[in-house]
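Novice: For reference, the structure I am asking about is given below.
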Amino acid sequence: MLNKSEMRPDKRHAAVCGLFCPACSLFIGTREDPARLEMLAKVFGVTTEQVRCEGCGSQVLSPYCRTCTMVKCAGEKGIEFCGECSEFPCAEIKTFQEAMPHRFELWASLARVKEVGYDRWYMEMAGHYACKNCGTINSAYDFKCRKCGNEPSCDYVGLHRDEIIAQLGKLQGQIT
């Protein structure tokens, strides 16, 4: 669970694409769930140390985040979020958004950052991924709250549960 200092907006905890890092399984595993991090390290085929991530804007990045081309692109264009780009949404972010269930809301997320500013967006996202029962931040893949078992774990899962399950099924079919 994020402590009070982590509930304050921190740009290290947001991705240029509009993802909210505290709701990422890698971030959660790094911060408070070593068993989750070990499982993810096995999935990625790397060591637990190599899969640690402190947020997309930090120095400690997962293997995937280290190679993110959207970060490089945003840096070259002098923007903080892809939604600020005149080419948004480009083919790269469209492909990225379509690939995984935790990315369903990227367009709305980026529009919200632009509309209300980063700080307010951050606080709204913390509420969007927080368990209504205990306040724990959960990922899009935690159908039940990882602390208290409340179902759904958060608003994101409540809104997208069936879509998440369907897309995970398609991804599983591609792997096997």
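Readers should treat all values here as calculations from the given coordinates under stated rules, not as data from a laboratory. Just so we're clear, the structure is a prediction, and the values are computed from it rather than from any experiment. Neighbour counts run over all protein chains shown; Cβ positions are idealised from the backbone, glycine included.
Novice: How high is the FRET efficiency between Glu80 and Leu168 when r is their beta carbon distance and R₀ equals 25 Å, given to the nearest 0.05? Let's see the in-between values first.
Specialist: Details: r = 31 Å, r/R0 = 1.22.
Computed FRET efficiency for Glu80 and Leu168: 0.25.
Novice: Give me Arg120, Arg36 sorted ascending by neighbouring Cβ count inside 10 Å, so fewest comes first.
Specialist: Values: Arg120 13, Arg36 18.
The fewest-first ordering by Cβ neighbours comes to Arg120, Arg36.
Novice: May I ask you to list the GluC sites (Glu not before Pro) in region 75-176 that are in a DSSP loop and have at most 13 other Cβ atoms within 10 Å of their Cβ?
Specialist: Values: sites: Glu76, Glu80, Glu84, Glu87, Glu92, Glu98, Glu105, Glu115, Glu124, Glu163; in loops: Glu80, Glu87, Glu105.
Passing sites in region 75-176 are Glu87.
Novice: In this model, which of Lys11/Lys147; Lys72/Lys94; Lys132/Lys170; Lys11/Lys114; Lys72/Lys114; Lys94/Lys144 are farther than 22 Å apart at the alpha-carbon? Spell out each step's value before the answer.
Specialist: Details: Lys11/Lys147 26 Å; Lys72/Lys94 17 Å; Lys132/Lys170 30 Å; Lys11/Lys114 14 Å; Lys72/Lys114 20 Å; Lys94/Lys144 29 Å.
Long pairs (Cα-Cα over 22 Å): Lys11/Lys147; Lys132/Lys170; Lys94/Lys144.
Novice: With only alpha-carbon atoms in the gyration tensor, what are the semi-axes of the equivalent ellipsoid for region 48-92, in Å, largest first?
Specialist: So the three semi-axes of region 48-92 are 24, 10, 7 Å.
Novice: For Ile137, which sequence-distant residues (separation of 5 or more, or a different chain) have an amide H within less than 5 Å of its own amide H, given hydrogens modelled in the peptide plane?
Specialist: Amide H neighbours of Ile137: Leu2, Cys131.
Novice: Here is a follow-up. Please compute the contact order of the chain in relative form: average sequence separation of alpha-carbon pairs under 8 Å and at least six residues apart, divided by the residue count, as a percent.
Specialist: Numbers: 231 pairs, mean separation 35.5, N = 176.
Rounded, it is 20 percent for the chain.
Novice: Something else about it: 7 Å from Cα along Cα→Cβ at both Lys144 and Glu98: what's the point-to-point distance in nm?
Specialist: 3.5
Novice: Roughly how many debye, to the nearest 20, is the charge dipole of the chain about its Cα centre, given +1 on each Lys and Arg Cβ, -1 on each Asp and Glu Cβ, and no other charges?
Specialist: Working: 22 positive and 22 negative charges, 55 e Å.
Roughly 260 debye for the chain.
Novice: Would you please classify the overall shape of the chain from the alpha carbon gyration tensor, given that a ≥ b ≥ c denote the square roots of the eigenvalues, rounded means a/c under 1.5, and beyond that prolate means a/b larger than b/c while oblate covers the rest? Could the numbers behind the result be given before it?
Specialist: Values: a/c = 1.29, a/b = 1.17, b/c = 1.10.
Rounded.
Novice: Identify unpaired cysteines across the chain, taking unpaired to mean no other cysteine Cβ lies under 4.7 Å from the residue's Cβ.
Specialist: Among the cysteines of the chain, those whose Cβ sits 4.7 Å or more from every other are Cys17, Cys21, Cys24, Cys53, Cys56, Cys65, Cys68, Cys73, Cys82, Cys85, Cys90, Cys154.
Novice: Right, next: For Ala14, enumerate residues with amide H under 5 Å from its amide H, sequence gap 5+ or separate chain, H modeled in the peptide plane.
Specialist: Correct list: Cys21, Cys56, Gly57.
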